[in-house]
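The values are calculated or read from the model by the stated rules, or taken from the named source; none is laboratory data. Quick caveat, the model's predicted, so the values are computed rather than measured. Heads up, the Cβs are rebuilt from the backbone with ideal geometry, glycines too, and the neighbour counts pull from every protein chain shown. In case anyone asks, the SASA skips ligands and DNA or RNA and just uses the protein heavy atoms, side chains included. Shrake-Rupley method; radii C 1.70, N 1.55, O 1.52, S 1.80 Å.
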Amino acid sequence: MTARRHLAHCTVHARFSLSDIPRISVAAAPDEGSAAAARAAAVRALAQAGRGYLGGRVELRTHGGTARCRSVRRATDRAVALAVAATLRGDATGVRVRVRPLG
């Protein structure tokens, strides 16, 4: 019988709220690299939607097991882009993205 490593899945939760001030602020990022990735993702998503003149606030949370920094940053990038798109559509703004596990 093969031993299995059971790790809790890590997820990134992102929420975005719009602002008329063209500045992106990031709250509760797991590290500075993730904060920079979140800021860049929000700016990129707003620009692609033709709303580059707007700004807002990104709230990030990570939950679960251990994951590579690179995987967390990729999940952060995707979660923020989805949260911005949802906010612009008027949908619920909370988005969860699963992080690729170690190994």
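Output the residue which, of all residues in the stretch 13-51 that are free of Cβ contacts under 8 Å to residues at least 40 places away in the same chain and among the hydroxyl-bearing types (Ser, Thr, Tyr), is surrounded by the fewest Cβ atoms within 10 Å (Cβ to Cβ). So the residue we want is 19.
Being at pLDDT 90 or above and on the phi < 0 side of the Ramachandran plot is a description that applies to residue 15. Checked against the criteria, residue 55 counts as farther than 21 Å from residue 100 by Cβ, open to solvent by less than 50 Å² (accessible area, probe 1.4 Å) and not hydroxyl-bearing (Ser, Thr, Tyr). Here residue 92 clears all of (1) open to solvent by 60 Å² or more (accessible area, probe 1.4 Å); (2) at pLDDT 85 or above; (3) aliphatic (A, V, I, L, M) except the condition numbered (2). Among residues of the stretch 39-67 being over 25 Å from residue 20 (Cβ atoms) and out of contact with any helix residue (DSSP H, G or I) (no Cβ under 9 Å at 6 or more places or on another chain), the one that is modelled with the highest pLDDT is 61.
Does the stretch 20-38 include one or more residues that are part of a loop (DSSP other than H, G, I, E, B), more than 18 Å from residue 93 (Cα to Cα) and at pLDDT below 75? Step through it out loud before you land on a result.
At the first step, the residues of the stretch 20-38 found to be part of a loop (DSSP other than H, G, I, E, B) are 20-23, 28-31.
Now restrict to residues that are more than 18 Å from residue 93 (Cα to Cα): 21-23, 30-31.
Pick out the ones that are also at pLDDT below 75 and you get 30-31.
Checking the stretch 20-38: at least one residue is part of a loop (DSSP other than H, G, I, E, B), more than 18 Å from residue 93 (Cα to Cα) and at pLDDT below 75.
Residue 61 satisfies every condition listed in (1) open to solvent by 90 Å² or more (accessible area, probe 1.4 Å); (2) assigned to a loop (DSSP other than H, G, I, E, B) except (2).
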